[in-house]
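A short write-up of the structure that comes next.
The values are calculated or read from the model by the stated rules, or taken from the named source; none is laboratory data. Worth saying up front: this structure is predicted, and the values here are computed from it rather than measured. Neighbour counts are summed over all protein chains in view; Cβ atoms, including those assigned to glycine, are modelled from backbone coordinates with ideal geometry. Just the protein is used for accessible areas: all its heavy atoms, side chains included, with ligands, DNA and RNA removed. Shrake-Rupley method; radii C 1.70, N 1.55, O 1.52, S 1.80 Å.
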Amino acid sequence: MIDLAALRYNEDDIIARILKKDPQFDVQALVAADKAFRAISLEVDSLREEKNKLADQAKTGFTDAIRQASIEISKTLKDKEQLLKASETVFKELYASCPNPSQADVPAGNKEANQVVKEFGQKPEFNFEPQSHVELGNNLGWFDFEAATRMTGSNFALYKGDAVKLLYSLTHLMLKNNIKHGFHPILPPYLVNTKSLEAAGQLPKFADGVYKIENEDLYLSPTSEVNLTNMYRDMILDRGQLPVRMTSWTSCFRREAGGYGSAERGLIRIHEFEKLELYSIVAPEESAQELDRMVAAAENILQMLGLHYRVSLLAGQDTSFQSVKTYDIEVWMPGQKSYYEVSSASNCHAFQARRGGIRYRECKGGKTIYAHTLNASSLALPRLMVALMETYQQADGTIVLPDVIKKQGLFE
């Protein structure tokens, strides 16, 4: 959730940055709802105080005047409390739906305004027409999308043989890399409850994008960012415990609306996929540097694999609901003839910490401060597999994987 004090006392700047993120959000309605809720709260508090004073007076000398005044105040208070409840509902719905304002240095606009800030390597060149990973994988017996559709539904994947070895080799490589960069491994449950999704910012806005377990207050986790956010929900940390750095490997489950184009067949966009996540909880003054640390950790993996990629600073409207600033790492896929995101690294400032009550104290007995939280994909495994398959394909349809993959031991 956004900082209401900043909205109240720096209204024009915060409104402008919210609208940079989401021009459709009715921020003026939020401002009005906040003012209305505070005003009616003051009225109710005043009436309750007045009623208590009359009750004190009645203890020393009950009179008809006190009785009549108490009846009138009780009636008025009841009406005002109903208004307070309605006003609170309107305010809370708008507040929970308000996006995190973009940072000042984030460009305005949508995807077309994203700024490439770095490129690594060169696009691979072939003396033959490169195939897509779907063609390669089907011919090599790596996938069975028909079986996945039969047992589950469309846009799910079934891996076989060397594809499974590649998936687990990449997982091992990435876990080692992330631990080297200071992130502690975590294996959380794959199911999360409503409060967990609310704290991470997935609910209520993205209710249509998550899989709900029928008759349970449980959902399949859309990203382990949700799980890792909630490890420290409603906790107050000591300053010495920061930074908290975690990495997690889980399956992720997302109900993406709409159909998929022919260019996004196979592993490009699926409902269940494996992903390694980086997650940090830091003091506010450290979050900008921590974002750079996360991007560097994710880049390190792609560099070890020898893949061509670029890093883009996302424009406001392409930045996630929770984030003030996001870098996407996009890898080149020769068979797709396009770049695709394999990592999204976001600084959320105190947005998730407010929703989840994640605070710290500088010293014993000191006031509590909301921490800053950050997250990054490191990396999305199916798309990384696509990039490897399409980059290292040979003219005869075989794939020669980099030595760093073979060193993980599964291809011996």
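Assorted remarks:
- Yes/no for T89 being in contact (Cβ under 8 Å) with a residue 12 or more places away in the chain and either assigned to a helix (DSSP H, G or I) or not aromatic (F, W, Y) (or both): no
Yes/no per residue for (1) farther than 26 Å from D22 by Cα; (2) surrounded by 15 or more Cβ atoms within 10 Å (Cβ to Cβ):
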residue: P189; (1), (2): yes, no
residue: E214; (1), (2): yes, no
residue: M246; (1), (2): yes, yes
residue: R269; (1), (2): no, yes
residue: I281; (1), (2): no, yes
residue: A297; (1), (2): yes, yes
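- Residue match in the stretch 351-364 (condition: open to solvent by less than 30 Å² (accessible area, probe 1.4 Å), part of a loop (DSSP other than H, G, I, E, B), of a type in the set (G, A, S) and within 22 Å of V106 (Cα to Cα)): no
- Test: residue in the stretch 194-208 that is assigned to a loop (DSSP other than H, G, I, E, B) and either of a type in the set (D, E) or closer than 22 Å to E299 by Cβ (or both): no
- In summary, F25 fulfils each of the numbered conditions (1) part of a helix (DSSP H, G or I); (2) more than 23 Å from D79 (Cα to Cα) with the single exception of condition (1).
- Unmet requirement for R383, which otherwise passes all of (1) in contact with a strand residue (DSSP E or B) (Cβ under 9 Å, 6 or more places away or on another chain); (2) open to solvent by less than 20 Å² (accessible area, probe 1.4 Å): (2)
- Look at the stretch 373-393: where a residue is free of Cβ contacts under 8 Å to residues at least 24 places away in the same chain and a partner is open to solvent by 10 Å² or more (accessible area, probe 1.4 Å) and among the aliphatic types (A, V, I, L, M), sitting 6+ places away or on another chain with Cβ atoms under 9 Å, you get Y392/I399; Y392/V400; Y392/L401.
- Residue check for Q317: outside any strand (DSSP E or B), within 20 Å of the chain's Cα centre (by Cα), within 13 Å of K111 (Cβ to Cβ) and of a type outside the set (D, E, K, R): yes
- Residue check for R233: in contact with a helix residue (DSSP H, G or I) (Cβ under 6 Å, 6 or more places away or on another chain), open to solvent by 80 Å² or more (accessible area, probe 1.4 Å) and not polar (S, T, N, Q): no
- Of all residues making up the stretch 332-350, the number that are assigned to a strand (DSSP E or B) and either at pLDDT below 95 or open to solvent by 10 Å² or more (accessible area, probe 1.4 Å) (or both): 6
- Single match in A65, A96, A29, A36 (criterion: without any contact (Cβ under 8 Å) to a residue 24 or more places away in the chain and of a type in the set (A, V, I, L, M)): A65
- Considering residues of the stretch 143-187 that are among the hydroxyl-bearing types (S, T, Y), part of a helix (DSSP H, G or I) and out of contact with any strand residue (DSSP E or B) (no Cβ under 9 Å at 6 or more places or on another chain) only, the residue least open to solvent (accessible area, probe 1.4 Å): S169
- Unique match (being part of a strand (DSSP E or B), open to solvent by less than 10 Å² (accessible area, probe 1.4 Å) and not small (G, A, S)) among I369, I329, I405: I329
- Test: residue in the stretch 57-65 that is of a type outside the set (S, T, N, Q) and closer than 27 Å to R354 by Cα: no
- The set of residues in the stretch 121-134 that are surrounded by fewer than 17 Cβ atoms within 10 Å (Cβ to Cβ) and touching a residue at least 60 places away in the same chain (Cβ under 8 Å) comprises G121, Q122, K123, P124, F126, N127, F128.
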